[in-house]
Amino acid sequence: MDIINIEEAINEFWSDNPLNIVKDLNSLQIFDKPLIGVASAYDPLFEQLKEETAVGPHHMSPQEWLPGSQSVISYFLPFTEEVRTANRRMGQPAREWLYGRIEGQQYNNALCQFLVRWFTAAGYEAVGPSVDKRFQVTNKRSNWSERHVAFIAGLGTLSLSCSIITKRGSAGRLGSVIVNTLLESTPRYYTEKDENCTKCGACILRCPPLAINENGKNHAVCSDYLDRVLARFSPRYGCGKCQTGVPCETKIPDKARIGKSTAI
Ligand code: B12
Ligand code: SF4
Ligand code: SF4
């Protein structure tokens, strides 16, 4: 078993799973090809996430999710150009983005469950924390934070808007699976927790309820705004203005360009 086999399985799922297509929106494709990273289940950063300043003591380690685990596979599902460009206009979320949030998460859950079945069929044990019955979110802090896991698995860093910025940008969703097979870890090409963010401030200007400032994002303000969006667009909601129409939408922004242009 190596990362090539896993990539092939994920890409096969990505290329033909019908949940990636929204018939209601003219057969809109939600996600592009996923980006994949691997962390050792013994990476000391997992223990660091239990600190109050990181996620908190309730954050479960890979061993707590799956005794005997060896590796954690994290993936980033980038939104397609259609979803991203539709959401670049200021103000209310685009319909494409609302479907990307809700139907997109159904697809994400299906991919996670597929990977668990795929590893099990190959004779290994696997757990997808986000689709596991033990998964919980308390005071807006989950017991398995996908962004922190992606950081550990070499996919990218956090940012001023609190999004993860990967080599394919920040506009997308994350998932992960813990397995009891040893895989080669993806090297982290960064050392700081928000290294990929230029602090250009473009996301500050994009945020409708002004949840972001130069010190970071206020989760409560963002969350209250999302509740108002839900009241209007139920059963869907979402916003993601901080992940679209910004220099980190599809790539790691170029630090040399700060001050020259903040919009894409
Ligand atoms: C609760 C939640 C929310 C809450 C609060 C957000 C929050 N607390 O992070 C609300 C409702 C506001 C929210 C909003 C949104 N969310 Co949300 N949310 C979650 C959820 C379920 C849990 C997040 C969590 O546990 N956070 C934990 C806290 C502690 O995170 P934090 O405060 O940012 O952490 C700081 C500290 O840890 C500090 N730090 C201190 N020491 C250390 C040490 C290390 C090593 C590190 C790395 C960091 C660190 O750095 C961090 C940043 O300052 C995750 C799914 C999941 N299972 O992870 C999705 C998730 C984070 N959300 C996501 C998205 C897309 C959104 C929205 C865009 C909604 C939408 N689709 O329109 C918005 C805005 C996202 C944004 N810019 O942050 C994605 C993010 C993908 C991405 N590209 O980054 C996730 C991962 C869902 C998914 N499966 O893809 N969300
Ligand atoms: S828009 Fe600029 S400041 Fe905001 S997260 Fe992206 S790179 Fe960082
Ligand atoms: S999701 Fe919307 S409300 Fe929340 S921080 Fe991003 S732009 Fe602001």
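The values are calculated or read from the model by the stated rules, or taken from the named source; none is laboratory data. A quick note: this is a predicted structure, and the numbers were derived from the prediction, not measured. Here the Cβ positions follow ideal geometry from the backbone for every residue, glycine too, while neighbour counts run over all protein chains shown. Side chains included, ligands, DNA and RNA excluded: accessible areas come from the protein's heavy atoms. Shrake-Rupley method; radii C 1.70, N 1.55, O 1.52, S 1.80 Å.
Every condition in (1) over 14 Å from residue 74 (Cα atoms); (2) away from ligand 2 (no atom under 16 Å from the Cβ) holds for residue 218 except the one numbered (2). For the range 193-208, the candidate set comprises residues that are not in a loop (DSSP other than H, G, I, E, B) and not basic (Lys, Arg); within that set, the residue that is nearest to ligand 3 (Cβ to nearest atom) is 203.
On the basis of being open to solvent by 20 Å² or more (accessible area, probe 1.4 Å), under 20 Å from the mean Cα position of the chain (by Cα) and touching a residue at least 60 places away in the same chain (Cβ under 8 Å), does residue 24 make the cut? Can you show your working first?
Details: open to solvent by 20 Å² or more (accessible area, probe 1.4 Å): yes; under 20 Å from the mean Cα position of the chain (by Cα): no; touching a residue at least 60 places away in the same chain (Cβ under 8 Å): yes.
Against the criterion (open to solvent by 20 Å² or more (accessible area, probe 1.4 Å), under 20 Å from the mean Cα position of the chain (by Cα) and touching a residue at least 60 places away in the same chain (Cβ under 8 Å)), residue 24 does not qualify.
Scanning the range 233-243 for residues that are more than 9 Å from ligand 3 (Cβ to nearest atom) and in contact (Cβ under 8 Å) with a residue 40 or more places away in the chain, which turns out nearest to the chain's Cα centre (by Cα)? Step by step, filter the range 233-243, then rank; the result is 237. Each residue in the range 207-228 was checked for being near ligand 1 (Cβ under 8 Å from one of its atoms), closer than 14 Å to residue 240 by Cα, touching a residue at least 60 places away in the same chain (Cβ under 8 Å) and open to solvent by less than 60 Å² (accessible area, probe 1.4 Å), and 1 pass.
Quick test for you: out of 189, 237, pick the one residue that is among the aromatic types (Phe, Trp, Tyr), assigned to a loop (DSSP other than H, G, I, E, B) and within 11 Å of ligand 1 (Cβ to nearest atom).
Details: 189 fails: within 11 Å of ligand 1 (Cβ to nearest atom).
One residue alone meets the criteria, 237.
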